[in-house]
């Protein structure tokens, strides 16, 4: 499958889609709760939780940017671009605070919705390839570990 280098099968695509949906639900909850983020560059005392969140966003953003760099097909590239844009906007919002980057929460939600939609397309692509007339029932049985007699 030359179009994918990371999400190479349906199982990986489903796992990625589930992650996107879970993080989308978290981002929507944060948007609805409307708890303002102070940021780490504000002269007030920064809580350890804010530093931990910045660290998590930095690690996730770095990993997703790396996956974007090594991805091959356009669908996979778009998927990882949306995910990395979401994580990076979360990092910027947490670091700068809502006063400097209030749009960050909205960018996160829009990017995660986009990633979920592209993830659905990737899962659908893998599902179609598994049911194509070329492969037939023997390929489906082989993918389940059943030997054809």
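Figures for the structure shown
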| item | result |
| --- | --- |
| Condition met for residue 18 (closer than 26 Å to residue 131 by Cβ, under 17 Å from the mean Cα position of the chain (by Cα) and without any contact (Cβ under 8 Å) to a residue 40 or more places away in the chain) | yes |
| Pair list, Cβ under 9 Å, 6 or more apart: the range 30-43 residue at positive phi and surrounded by 10 or more Cβ atoms within 10 Å (Cβ to Cβ), other residue in a loop (DSSP other than H, G, I, E, B) and modelled with pLDDT of 70 or more | 39/46; 39/97 |
| Helices (runs of 4 or more DSSP H) (entirely within the range 83-149) containing at least 2 residues that are under 18 Å from the mean Cα position of the chain (by Cα) and either at pLDDT below 90 or surrounded by 18 or more Cβ atoms within 10 Å (Cβ to Cβ) (or both) | 104-130 |
| Count of residues meeting criterion [surrounded by fewer than 15 Cβ atoms within 10 Å (Cβ to Cβ), assigned to a helix (DSSP H, G or I) and without any contact (Cβ under 8 Å) to a residue 60 or more places away in the chain] in the range 44-73 | 11 |
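The values are calculated or read from the model by the stated rules, or taken from the named source; none is laboratory data. Just so you know, these numbers come straight off a predicted model, no measurement behind them. Neighbour counts are summed over all protein chains in view; Cβ atoms, including those assigned to glycine, are modelled from backbone coordinates with ideal geometry.
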